[in-house]
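Structure first, then comments.
The values are calculated or read from the model by the stated rules, or taken from the named source; none is laboratory data. Computed from a predicted model, the values in this text were never measured in an experiment. No Cβ is skipped: glycine too gets one built from the backbone with ideal geometry, and neighbour counts run over all protein chains shown. Keep in mind that these areas ignore ligands, DNA and RNA; they rest on the heavy atoms of the full protein, side chains included. Shrake-Rupley method; radii C 1.70, N 1.55, O 1.52, S 1.80 Å.
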Amino acid sequence: MPILKHFNKTVLFGIALLAGCATSPPVERGTSQPRSSDYQVKYHYALEAMKQGQLESAEPQMKMLTREHPQFAGPWLNLCIIYSETARLAEAEKACQQALKQNGKMNQVRNQLGIVYRKQGRFEDARRIYEMALQQNPESARIHYNLGVLHDLYLQNNDLAIRHYQRYLDLTGNKEKKVKRWISQLNKELNKSR
Amino acid sequence: MSRRWLLYLTIVLVSGGLPLQSGAMSEQRADLLNRELLYYQYKGDGFSAISRYRAGLANGEIPAGQEKWTRLAAQLYASWGLFDEAKELYSSSAAAQTPQQRAINWLSLGKAYFERQHYAEAVAAFERVGIRQLPKQLEYERLLMMGVALYQLDNFAGSSSSLWSIHPTSKLYPFARINIGMGSIRIGSWPGGISGLSSIKKRIGIDVEADPQFADRLNTVFGYILLYEEYSGSNTAYGKVSMHGFTTPKKKGYRDALEMLRAVPDKGLYANKSLLGQAWIAIDTNELERAREILEGLGKKDPRHLVVQEAKLALPYVLEREGDVARAISQYRSAVSFFENERNRLDSLLQQLDSGELDNSFLTMRRDSAAQNPLTAYLPEMLLAPLPHRMLGDFEDINRLRVQLDEWKNQLAGSASLMADLSRQQVALDDLHVRTVKMLRSQAGEQLTERRRRINHYLNQARYGFAELYGRQQRGGVDPREALVAYHAYLKEAPEVSAEVRKHIVGRIADLELELGEEAEEIVPAAKVSGVAAYLAELEKNPQDAGNEDVLYKLARAYEQQGETTKALDALQKLIRRYPNSSYVAEARFRVAEGLFIQQNYQQAASTYDGILNNKKDNAYYYHALYKRGWSLFKLGRYQQALDDFFAVLEHYDSAGDLNSRANQELYADAQRAINMCFVNMKGPASVSEFFARNQYHRYIETVYQSLADYYLAQERFSDAVQTWSTYVQHYPNSQYSPRYLLKIVDTWKQQGFEKNYVAAQERLINDYGLHAPFWNNHKPEQFSDVRAALKQNTRLLAEHYHIKARESGNKSDYVQAANWYRKYLKNYPDEKDAAELNYLYAEILEEAGQYRNAVAEYNAVVKKYPQFAMRADAGYAAVLLTFQQAESGPRQEREQWRKQSYETALNFAKLFPGDGRASDVLLHLAEGSYRRGEYPEAITLARRVVTQGSRQQKQKALLIIGHSQFETGKYLSAEQTYGTLLQTGRVAKNERREINKRMALSIYRQGEAAQKTGNLSAAVKHFLRVREEVPASSIVATAEYDAAAGLISMKNWPAAIEVLERFREEQPGHKLQHEVTRKLALAYTSSNEPIKAAQEFERLAVVESDAEKRSAALWKAAELYDSNNYLDQAAKLYKQYVKEYPAPFDVAMEARQKLVALYSKTGDDKRRDYWRKQIIDVDRKAPVSNERSRYLAMTAAVEIADAKYRDYQAVQLTIPLKKSLRKKKKLLKQAIDAYALVAGYGDAATITRAGYQIGEIYYDFARALMKSERPRGLNDEELEQYDILLEEQAFPFEEKALEFYRSNRIRITDGLYDEWIRKSLERLAEIFPARYSRPEKQDAYIEALQ
């Protein structure tokens, strides 16, 4: 059927023309790997600001970085620190949780989260996270120190406070007199109350 | 012959009117002022025209001496009647002009004179016109006017010659010929006149058709001329007429005359004259009835009209010819008195005229007043004569001019020259006035004298006719004395009496005087020649002369005439004795007997009469004697014998037929009277019947009975009269007189008012001589139309009698009688005109007797049988009413049947009499019935018919029924429309209007309900709203409005809903739905975001709601709305009100207090705020049951109070002198601590930590304040150090106290508590005692790691 064929050709040709019109240039797709140099530079600048105590300037940069690569724990933790320091405790908690999610081995996060909980008055949560951090790394002097403060000032469990201060002293070579003084003071209070 | 003379007079009268003129007017030149002047002139306001002219002349508008204006002025003057001025102007103008112009001037002047009817002056002016100086047309006009003027001056020859000069081709020629003809007739030249007129007669309809009166007049004149000719014989004028084309045989003249006279219309100037002419023709051709009709008709017209007066004379003449002597005599008599009256009137009028009494009435005469005054009635007619008519016109003008001149003089008092002019005019006018009055008087006098002459002539003609008739018919009811008077008056007053007539009249007078005897003398005292002396002398001269019997006889007569009766008798007896064979003896004997009779010597008189009667019967005195003997016997009481004589007298005259003389007639009548008197003096009717049983005078039976009855009637002895008739009827039941006598009995009783007898007689008449009585076997009904009519009438009367009686008495028997008589009548006279009426009455009596079914049947029969009967509709209506009545109040078991019948009857009535107003009533009644029974469609159908045909009121009622029916059947739209129509037609009674309004409103409302049911909410709302618009006064307006609002709310049309609700509130104060309206308004305002208005509504509700809960809720809502919209005062007020009015439920009241606290916090009114805080605390404390919220609120209040106290305390600085400020601060310290202790008292963890912290703060503050307190001046370093130590010592316990409170808060962490206050306490601890409590965690400042 020559006529029909011809007709189909014409139709097809028409469609092709239309398709030709609709074509747009190919979209460049992003790669899964960051171009290390660029991101790290940004991170570096953000850290620089933090180092200089310019939290206000650091905050948006860190936020940007978490948005750009939420899989990195570092920016989350830094953001958590910024929030914590500026008394935005709920945001801080969330940021820390994110950091923990991205990297569960990063005990710095637990340390920071313990502080955030303490600031919120969630002393038991703080104790639990510190203890988790100790499970991760029982030798972390700083965690013992902080757990000691938590028991001392807040949970008012002087025994445990003394034990963690003592562990801190042990791990750091018994050189911090201030902490020694605290232990003796706590012991006195213990004796007084008994 | 008098009639000939009359005719002549009439002709002269007709032809003597105003001569005919052509109406042609010369053309006027056009010019503005000219036109203005002419305008005035045509308006008849000549005075203004002249004034305007003179003004124009004075102010130079009109150039003096210019020909055109001079002529115009002349015309004006002339037309105003100022001929001297006109003449002067014409002459002055004429001098300077051509002969033609002069001719025209003279013509104009002549015409002016002519028009003012100054004929002599007119002729003089016309004669001044030169020969052949005028155009032809004007010349003919001049000739015509001159001819007419001369005619008026009685110069017929001159007139004729002038008129003959008009050429036959001129259109004025016919007028000329007529006037020539008239003139000829005036001078008695009939042939000339007739030939002239007949030649014109041919041209009537061609040239002069435009003037109908001309044709009428010509017809009249010509008719009369022909009539006159015919009357006086064809030998004279009529023969000549024939030569001019009227080739008619004799008597055709009458026909022609009649034809012409008939052509004159019945109304108009010549109608009467024409009719009179026709009457004369009718008389001559012996159509007397026609003549009489015409004359009678004329006689009813204006009695002052000459023709009418002649008709008054002609009428008795016709009657006389017809043989109706009695009427002729009475008409003559009334004519005589009429004409005498009129003549007297004219005489007194003439007298008044001469004495000048009427001068003043000349002016008012044209208006009808003179005609209405019987004294001056002839004056206006006098005005129709040409000369006085003209003079009166002048006179009126002169008077008007005089009045106006007076006025003018006042206005123009300043202008001397005009004044002089005016004064001159005035003098001339006054003179003219006097002269005119004189002339008017003499002219009027002449006219009236002529009229008097005519009337006098008529009068005497009437007298003569009257007197003559008496002679021919002595017993025509005429008193011979009247005739005598008439003859005498005629002789004395008739103007011309021929010798022949005089001789006849004198003879008649002698006869009458003889007949009247002495009486005549009283009427006409005439010298009586007494012959007694002469006769006595003769007897003495020749005592034995054979001729003395003659002398004796005459002597006796002479004595008799002188009243010497005895001497007369002596003379007669002497005669009888001396000359027993004398031809005078019989008379002498009779006279003697008469004398004896007069002397009441009846016995002797009777025997003397016997003497005469013994002689032979051809004796001339025989029957007179017989008659007189009868009287003598009567006087002697011998009635039976007297009767024999009297009947013999009657028998004689009847058989001899000798009753022609009056004397015989009287005698005969007297005999009858005597017979009657005999029976009266005997035993009345009984004697009569006895007499006729014995004697053979049967031909007199009826006369005798009737005379006797008449006698009794005259004596008012009615029973005797009735007895007389009754006796006759008993004896001769089959006589044709019997039913008639019964009729007389009926009439007599009727007239005398003996009802019982009357009814009995009627019944006897109908029972004995009714249509089926044996009497009619022998008599032909057609000869008894009177009886038959009476039968019929009395049947009807009886029916009516019993009808009335029944109504009065209520007796059943009377009803039965009445019904029977009606029935009888209807049976016997079904085709009579009044059968319908009787049938109607029959139906009525049946109804009255309670026979309703029959009554209805009869009413219906009336309707059916008598289609022409005027009361047919009434009958139909009566049937309807009766059925209605019975259907409503008849016996219960029959009502339904009656109702059906009433329905049929009524519908039939409405069908038969659609135009009858009651048809609509009937339909209305039916419709009402149907409506009452709930048959609404039927009611509507019936009522609709009323709407199309009923009166306005009926329509209204019908509409009401329709409307109600539609309403009842739920057709509310239709009902509304109907009610609307009803209300629009207006004039609805107040209470009805109220009801209609109510229904109308309901109709509209129901439409709304219906729409609502179908879910068409907006339509429903429209209807509801319409209720108020259409029927604002209706009681359901409120409901409708409310429903409308509800609908609008459903539709969420808030603005509209608000409008309706607000209106409702305003218009329906006190309505029970007002509260609901308020609720709805609250909703609507809330919904349409008008919170304040909503709040106001809630506020209202807070008052009016019946339920306390709702009231409180509304109050709360209102307060809340005010509060949230910053109407804080309002809000505060309402919250307070709430607290006051609704302390329970406790918690809400507490919230209200809390609101007040919040509110006053907002306004900064601390005092009030704290008051309410304390209130909260107090109330909470006193509450029997603890409530968490309340406690919270109280606690919060306590906290806030405490905080405030704390702030107050904190604000106090310790300054010098320290003691004072210290005391103050300490005092406040205590208060603040107490306040916080109170807060702590609530036992709540949060408040405790808070109170703890705050108390800590208070102490800490005090410690720090001490340390910071102002140091006393003038202390050296050492002293200052000492002082500082001292302060420290003082401060320390406070610091300790503070620490204690902070620490106790810290310990609470171990209880699982941690809050702001604990945190702050920890901070304070770290601050005051850092060695123990400041131990920060170790943390990263940042993290380098990325992952």
>> Only one of A:V149, A:V179, A:V116 is in contact (Cβ under 8 Å) with a residue 12 or more places away in the chain and at the interface with chain B (Cβ under 9 Å from one of its Cβ atoms). Can you tell me which?
In response: A:V149
> Is it fair to say B:V308 is at pLDDT 80 or above, open to solvent by less than 10 Å² (accessible area, probe 1.4 Å), closer than 21 Å to B:T449 by Cβ and not aromatic (F, W, Y)?
Replying inline: yes
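Just wondering, is there one or more residues in segment A:165-172 that are within 23 Å of A:I81 (Cβ to Cβ), more than 12 Å from every other protein chain (Cβ to nearest Cβ), surrounded by fewer than 20 Cβ atoms within 10 Å (Cβ to Cβ) and without any contact (Cβ under 8 Å) to a residue 40 or more places away in the chain?
So far as segment A:165-172 goes, no, none of its residues is within 23 Å of A:I81 (Cβ to Cβ), more than 12 Å from every other protein chain (Cβ to nearest Cβ), surrounded by fewer than 20 Cβ atoms within 10 Å (Cβ to Cβ) and without any contact (Cβ under 8 Å) to a residue 40 or more places away in the chain.
Against the definition (open to solvent by 30 Å² or more (accessible area, probe 1.4 Å), more than 30 Å from B:L1287 (Cα to Cα), part of a helix (DSSP H, G or I) and not charged (D, E, K, R)), how does B:I1177 come out, yes or no?
Answer is no for this residue.
Conditions tested, residue by residue: (1) farther than 30 Å from B:K1072 by Cα; (2) loosely packed, with under 15 Cβ neighbours inside 10 Å.
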residue	(1), (2)
B:E1120	no, no
B:A1144	no, yes
B:G1164	yes, yes
B:R1181	yes, yes
>> Suppose we filter A:R142, A:R128 for residues that are open to solvent by 10 Å² or more (accessible area, probe 1.4 Å), part of a helix (DSSP H, G or I) and in contact (Cβ under 8 Å) with a residue 12 or more places away in the chain; which single one remains?
In response: A:R142
> Which of the residues that make up segment A:124-146 are under 20 Å from A:V179 (Cβ atoms) and within 12 Å of another protein chain (Cβ to nearest Cβ)?
Replying inline: A:A126, A:Y130, A:S140, A:A141, A:R142, A:I143, A:H144, A:Y145, A:N146
> Within segment B:634-669, how many residues are closer than 21 Å to B:N695 by Cα and either touching a Pro at 6+ places or on another chain (Cβ under 6 Å) or assigned to a helix (DSSP H, G or I) (or both)?
Replying inline: 21
> If you go through segment B:1311-1347 one residue at a time, how many are closer than 14 Å to A:V149 by Cα, more than 8 Å from chain A (Cβ to nearest Cβ) and of a type in the set (A, V, I, L, M, F, W, C)?
Replying inline: 2
>> Could you check segment A:167-181 and list, in sequence order, the residues that are closer than 14 Å to A:V149 by Cα and within 31 Å of the chain's Cα centre (by Cα)?
In response: A:R167, A:Y168, A:L169, A:K178, A:V179
> If we keep just the residues of segment A:96-106 that are surrounded by fewer than 21 Cβ atoms within 10 Å (Cβ to Cβ) and within 11 Å of another protein chain (Cβ to nearest Cβ), which is nearest to A:N146 (Cα to Cα)?
Replying inline: A:K105
>> So if I check each of B:N854, B:N839, B:N860, which one is in contact (Cβ under 8 Å) with a residue 40 or more places away in the chain and at negative phi?
In response: B:N860
> Here are B:V1157, B:V1139: which of them is touching a Lys or Arg at 6+ places or on another chain (Cβ under 7 Å), in a helix (DSSP H, G or I) and touching a residue at least 40 places away in the same chain (Cβ under 8 Å)?
Replying inline: B:V1157
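Looking only at helices (runs of 4 or more DSSP H) that fall completely inside segment B:1013-1100, which ones have 2 or more residues that are under 30 Å from B:L982 (Cβ atoms) and open to solvent by less than 70 Å² (accessible area, probe 1.4 Å)?
The helices (runs of 4 or more DSSP H) meeting that bar are B:1017-1030, B:1037-1050, B:1054-1067.
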> How many of the residues in segment A:66-83 are at the interface with chain B (Cβ under 8 Å from one of its Cβ atoms) and part of a helix (DSSP H, G or I)?
Replying inline: 6
> Looking at B:N344, B:N286, which is the one that is of a type in the set (S, T, N, Q), open to solvent by 40 Å² or more (accessible area, probe 1.4 Å), free of Cβ contacts under 8 Å to residues at least 40 places away in the same chain and not in a helix (DSSP H, G or I)?
Replying inline: B:N286
> Hey, any hits in segment B:1200-1214 for a residue that's under 18 Å from B:L1287 (Cα atoms), open to solvent by less than 80 Å² (accessible area, probe 1.4 Å) and at pLDDT 85 or above?
Replying inline: yes
> Does A:K63 fit the bill of being within 11 Å of chain B (Cβ to nearest Cβ) and either in contact (Cβ under 8 Å) with a residue 12 or more places away in the chain or within 18 Å of A:R163 (Cβ to Cβ) (or both)?
Replying inline: no
>> It is to be established whether one or more residues within segment B:1237-1252 are away from every other protein chain (no Cβ under 14 Å) and exposed (fewer than 13 other Cβ atoms within 10 Å of the Cβ).
In response: yes
>> Give me the helices (runs of 4 or more DSSP H) completely within segment B:143-243, filtered to those with at least 1 residues that are among the small types (G, A, S) and modelled with pLDDT of 70 or more, ordered by residue number.
In response: B:156-164, B:173-186, B:212-232
> Looking at (1) open to solvent by 10 Å² or more (accessible area, probe 1.4 Å); (2) of a type in the set (F, W, Y); (3) over 25 Å from B:W1317 (Cα atoms), which is the one condition that is false for A:Y83?
Replying inline: (3)
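Test B:Y1302 against the stated conditions and say whether it is touching a Ser or Thr at 6+ places or on another chain (Cβ under 6 Å) and either more than 12 Å from chain A (Cβ to nearest Cβ) or among the hydrophobic types (A, V, I, L, M, F, W, C) (or both). If you could, list the steps in order and put the result at the bottom.
Numbers: touching a Ser or Thr at 6+ places or on another chain (Cβ under 6 Å): yes; either more than 12 Å from chain A (Cβ to nearest Cβ) or among the hydrophobic types (A, V, I, L, M, F, W, C) (or both): yes.
Against the criterion (touching a Ser or Thr at 6+ places or on another chain (Cβ under 6 Å) and either more than 12 Å from chain A (Cβ to nearest Cβ) or among the hydrophobic types (A, V, I, L, M, F, W, C) (or both)), B:Y1302 qualifies.
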